[in-house]
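These notes are about the structure you will find just below.
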Amino acid sequence: MPNMTMTKTPMPEQKPDVRNHNFEEVALGYTEEMAVGEAQRCLNCKNKPCVGGCPVMVPIPEFIAHVAKREFEEAYQVLTRATSLPAVCGRVCPQETQCESKCVRGIKGEPVGIGRLERFVADWHMANSKEAPKKSETNGHKVAVIGAGPASLTCAGDLANMGYEVTVFEALHTAGGVLMYGIPQFRLPKEIVQKEIDGLRAKGVTILTDMVIGKVLTLEELFADGFEAIFVGSGAGLPNFMHIPGEGLVGAYSANEFLTRVNLMKAYRPEYDTPIIRPKNAAIVGGGNVAMDAARTAKRLGAENVYIVYRRSEAEMPARAEEIHHAKEEGIEFRLLTNPVAIHGDENGRVTSMECVEMELGEPDASGRRRPIEKKGSNFELPIDCAIIAIGNSPNPLIPTTTAGLEVNRRGCIVADEETMATSLPGVYAAGDAVSGAATVILAMGGGKRAAKSIDEYIKSKS
Amino acid sequence: MFQIVQKKRLNDSMTQMRVAAPFVARKAQAGQFIILRVNEYGERIPLTIADYDREGGTVDIIFQKVGKTTLLLDTLEEGDAILDFIGPLGKASELEGYQYAAVIGGGAGCAIAYPQAKALHALGAKVDMIAGFRSQDIIILEDEMKAASDNLYLMTDDGSNGHKGFVTDALRQNIEAGAKYDLVVAIGPLPMMKAVCNLTKEYGIKTIISMNSIMIDGTGMCGGCRVTVGGETKFACVDGPDFDGHLVDFDEVMKRSKTYAEMERESAREFNCRLMKQAEQ
């Protein structure tokens, strides 16, 4: 008999006024009892609408059925058939617009907490399983994977499972990409990401850090070195700026820089040498998950006032509902329908204020969201000492500019077939933000997965 | 890990290291840089490639001890290893097609200016090298600079080598005396590069400067190295580090370069105290 409670089993969390002073994970995870109870809310529908909402097609009812029966390791084995990063997906996927949005239980009441269950299963496995990941028998074919973010790790994991000899080339000193440098510790502990990466290594994937492909080696040279196919998952690189006066002032950061200093370079821990400005009053421009991450990070670094400055209304914010909710709980102040027009500084070039203008919403624009229009004469000053620009990224140009024949679109994104992820060059596949522009971890993983399948077919067709 | 195969003290504050980094050495070109991290707790700092040996698989860096990271780096000896050494990054300098160049180095900048002089010379240009130092006792790379140029002008702020003045004084003198430079390369402290650019603007001589900005990744991801060039936002790590000096907003760059100055002084002071305590024990 299913558990017919209308609401999800609540996720235990650190209290907002405690957690906004530390970098420990906000969500504490389900206990076994909570997980079993929540799993029993699943009706195990025949047509499984939730699976269709998942970019990597996790067999959701199947793994949940195991949880309901307390078969946690079995549940894990089901999960990893579809995703190589379940502990990550369970934490950062926008389930509310994917699997959970299709859940039948969501029609009357709240959907099953699929993400929370996924996280529980992955964490349970990490804590309790002693089984080392199995190394597949090698098929003797070499594949190069460029970048070590979610798209690349997924592609590498799937290829390793099929027996390919995979070498991952990472530009930074640590593998993980945005999972390491972008998403904060309090949302995705780096130890979790590291364990997922160690798991890939145990499967036989070679990960080389400090290798900036395009500079140290070109794609052409990788082919010459015996790699039969190449996957490019180089991510969204260049941070966008607003091109308003004052973005060059001291205390004006891109969200990428601010978050990288804290997450990858651990500026929040005293034993690390990384310098960072610890703001008193910070304004974050943007309304996505990255803006929420930057705001909550600024708060944790000790800021008294942290503002989200966003030119549309909350309804148009691209951030996950949960991130917005958490940010508000932690005391982040939302300045909606507000757009910065300039950042002002003192004689030493340090940020002192952000000049903003009020906005109102007009007709929908090309993105389908209502276009914000400036209210003339409504300018006002927000006193701040730190401005963080979180309005998106453009793809990294290093590989396209050093690879003849690799087609990119007007925005600089690598052109790849949506189904096969094949690029304009034979044997070269691409996915993730390098193709889509800034998107989500799970979409990148979906692309990496499709690319792995295509690479397998491509190499088999040749040999 | 990247082993230090040779270490040479150039003067009290400057050190040259030869690092085994075969992948970097294979591709390195004049004007490019590397990023290094000394240990797990360290910062990532950019340093320009001073020289390279493709066959030997080594890359030379020259650094001045200015902050904790460079002080820490300097505690490493031959045989020790640097944790991360990433490169070659940035665009190579475009030095082809010039007849007569003045290459100007200021202090530690000479370490970067000298390979540019060498490259220009190898491409067949006549090269005047103008190098500026505070005083005679800290002059570095004199023989190397001499070998890489047709004329070497060594200037000191205090005149202790007999040539008192700034690099701009020597440059102006040469131009006034009829040197028909079609290129000036200026590398050194920001105020020096700015002064050189102001001077060459007067004479309409193309001037390339090399940015040594604050960076983290060096691949275009963080945007920390952004600099306004001709009104546009450029990233020193992928668009540079060389830029047309006449278009660079030096005043902005100079302020940005001081972002962490206070924190750096403090951490360098703490580190020095620690080193001294260790030495006493």
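The values are calculated or read from the model by the stated rules, or taken from the named source; none is laboratory data. This one's a predicted model, so the numbers in the text were calculated from it and none came from an experiment. Don't worry about glycine lacking a Cβ; one is built from the backbone with ideal geometry, like all the others, and counts go over all protein chains shown.
Residues that are among the aliphatic types (A, V, I, L, M) and over 23 Å from the mean Cα position of the chain (by Cα) within the stretch A:398-407 comprise A:ALA404, A:LEU406, listed in sequence order. The set of residues in the stretch A:218-237 being hydrophobic (A, V, I, L, M, F, W, C) and over 18 Å from A:ALA175 (Cα atoms) consists of A:LEU219, A:LEU222, A:PHE223, A:ALA224, A:PHE227, A:ALA229.
Listed conditions (1) in a loop (DSSP other than H, G, I, E, B); (2) within 14 Å of chain A (Cβ to nearest Cβ); (3) small (Gly, Ala, Ser) are all met by B:GLY87, apart from (1). Under the condition of being of a type outside the set (Val, Ile, Thr), surrounded by fewer than 18 Cβ atoms within 10 Å (Cβ to Cβ) and closer than 30 Å to A:MET1 by Cα, the residues counted in the stretch A:15-46 number 8.
Among the residues of the stretch B:1-14, none qualifies, meaning not one is among the aliphatic types (A, V, I, L, M), crowded, with 24+ Cβ neighbours inside 10 Å and either within 15 Å of the chain's Cα centre (by Cα) or within 14 Å of chain A (Cβ to nearest Cβ) (or both).
Among the residues of the stretch A:338-361 satisfying the criterion of being touching a Phe, Trp or Tyr at 6+ places or on another chain (Cβ under 8 Å) and surrounded by 20 or more Cβ atoms within 10 Å (Cβ to Cβ), which is farthest from A:MET292 (Cα to Cα)? So, considering only residues that are touching a Phe, Trp or Tyr at 6+ places or on another chain (Cβ under 8 Å) and surrounded by 20 or more Cβ atoms within 10 Å (Cβ to Cβ), the one farthest from A:MET292 (Cα to Cα) is A:CYS356.
For the stretch A:83-100, which positions are in contact with a helix residue (DSSP H, G or I) (Cβ under 8 Å, 6 or more places away or on another chain) and not in a loop (DSSP other than H, G, I, E, B)? Hits for the stretch A:83-100 are A:PRO86, A:ALA87, A:VAL88, A:CYS89, A:GLY90, A:ARG91, A:VAL92, A:GLN95, A:GLU96, A:CYS99, A:GLU100. Residue count for the stretch A:198-212 under the criterion of being within 23 Å of the chain's Cα centre (by Cα) and either on the phi > 0 side of the Ramachandran plot or facing chain B (nearest Cβ under 10 Å) (or both): the result is 5. Scanning the stretch A:214-247 for residues that are within 12 Å of another protein chain (Cβ to nearest Cβ) and touching a Gly at 6+ places or on another chain (Cβ under 8 Å) returns A:LYS215, A:VAL216, A:SER234, A:GLY235, A:ALA236, A:GLY237, A:LEU238, A:PRO239, A:ASN240, A:PHE241, A:GLY246. The set of residues in the stretch B:208-256 that are farther than 30 Å from B:TYR181 by Cα, more than 7 Å from chain A (Cβ to nearest Cβ) and in contact with a Leu (Cβ under 6 Å, 6 or more places away or on another chain) contains only B:GLY218.
At least 3 residues being touching a Lys or Arg at 6+ places or on another chain (Cβ under 9 Å) and at pLDDT below 95 is the threshold, and among the strands (runs of 3 or more DSSP E) wholly inside the stretch A:347-458 those reaching it are A:351-364, A:370-374.
Condition check ((1) out of contact with any Leu (no Cβ under 7 Å at 6 or more places or on another chain); (2) charged (D, E, K, R); (3) outside any loop (DSSP other than H, G, I, E, B); (4) over 18 Å from A:GLU457 (Cα atoms)) across all residues:
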residue: A:GLY109; (1), (2), (3), (4): yes, no, no, yes
residue: A:VAL112; (1), (2), (3), (4): yes, no, no, yes
residue: A:LEU117; (1), (2), (3), (4): yes, no, yes, yes
residue: A:TRP124; (1), (2), (3), (4): yes, no, yes, yes
residue: A:ALA127; (1), (2), (3), (4): yes, no, yes, yes
residue: A:GLU131; (1), (2), (3), (4): yes, yes, no, yes
residue: A:LYS135; (1), (2), (3), (4): yes, yes, no, yes
residue: A:ALA151; (1), (2), (3), (4): yes, no, yes, yes
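Residues in the stretch B:1-58 that are part of a strand (DSSP E or B), of a type in the set (Ser, Thr, Tyr) and within 21 Å of B:GLY107 (Cβ to Cβ): B:THR15, B:THR48.
Residues in the stretch A:218-232 that are surrounded by fewer than 19 Cβ atoms within 10 Å (Cβ to Cβ), part of a helix (DSSP H, G or I) and of a type outside the set (Asp, Glu): A:PHE223, A:ALA224. Reported count of residues in the stretch A:180-197, each being touching a residue at least 60 places away in the same chain (Cβ under 8 Å) and more than 14 Å from chain B (Cβ to nearest Cβ), is 11.
The combined condition, being within 11 Å of chain B (Cβ to nearest Cβ) and in contact with a Lys or Arg (Cβ under 8 Å, 6 or more places away or on another chain), is fulfilled by A:TYR272. Answer yes or no: is there a residue in the stretch B:44-53 that is surrounded by fewer than 19 Cβ atoms within 10 Å (Cβ to Cβ) and either farther than 23 Å from A:ILE276 by Cα or modelled with pLDDT of 95 or more (or both). There is at least one residue in the stretch B:44-53 that is surrounded by fewer than 19 Cβ atoms within 10 Å (Cβ to Cβ) and either farther than 23 Å from A:ILE276 by Cα or modelled with pLDDT of 95 or more (or both). Is it the case, given these coordinates, that A:ILE284 is in contact with a helix residue (DSSP H, G or I) (Cβ under 6 Å, 6 or more places away or on another chain), within 12 Å of A:CYS386 (Cβ to Cβ) and of a type outside the set (Ser, Thr, Tyr)? Here the answer is yes, as A:ILE284 does meet what is asked. Among the residues in the stretch A:314-335, are any of a type in the set (Val, Ile, Thr), under 22 Å from the mean Cα position of the chain (by Cα) and either surrounded by fewer than 20 Cβ atoms within 10 Å (Cβ to Cβ) or more than 14 Å from every other protein chain (Cβ to nearest Cβ) (or both)? Yes; the residues of the stretch A:314-335 include at least one that is of a type in the set (Val, Ile, Thr), under 22 Å from the mean Cα position of the chain (by Cα) and either surrounded by fewer than 20 Cβ atoms within 10 Å (Cβ to Cβ) or more than 14 Å from every other protein chain (Cβ to nearest Cβ) (or both). Within the set A:ALA267, A:ALA291, the sole residue that is more than 14 Å from chain B (Cβ to nearest Cβ) and buried (at least 21 other Cβ atoms within 10 Å of the Cβ) turns out to be A:ALA291. Checked across the stretch A:69-77, the condition of being of a type in the set (A, V, I, L, M) and farther than 12 Å from A:PHE120 by Cβ holds for no residue. Scanning the stretch A:200-217 for residues that are in a loop (DSSP other than H, G, I, E, B), over 26 Å from A:VAL88 (Cα atoms) and touching a Lys or Arg at 6+ places or on another chain (Cβ under 9 Å) yields A:LYS215, A:VAL216. Take the conditions (1) buried (at least 21 other Cβ atoms within 10 Å of the Cβ); (2) within 11 Å of another protein chain (Cβ to nearest Cβ); B:LEU73 misses just one of them, which is (2).
So, in the stretch B:90-112, of the ones that are under 27 Å from A:THR402 (Cβ atoms) and not acidic (Asp, Glu), which residue ends up farthest from the other protein chains (Cβ to nearest Cβ)? The residue in question is B:TYR98.
When the stretch A:393-433 is filtered for residues that are surrounded by 19 or more Cβ atoms within 10 Å (Cβ to Cβ) and within 21 Å of A:CYS54 (Cα to Cα), the ones remaining, listed by number, are A:ALA416, A:MET421, A:ALA430, A:ALA431, A:GLY432, A:ASP433.
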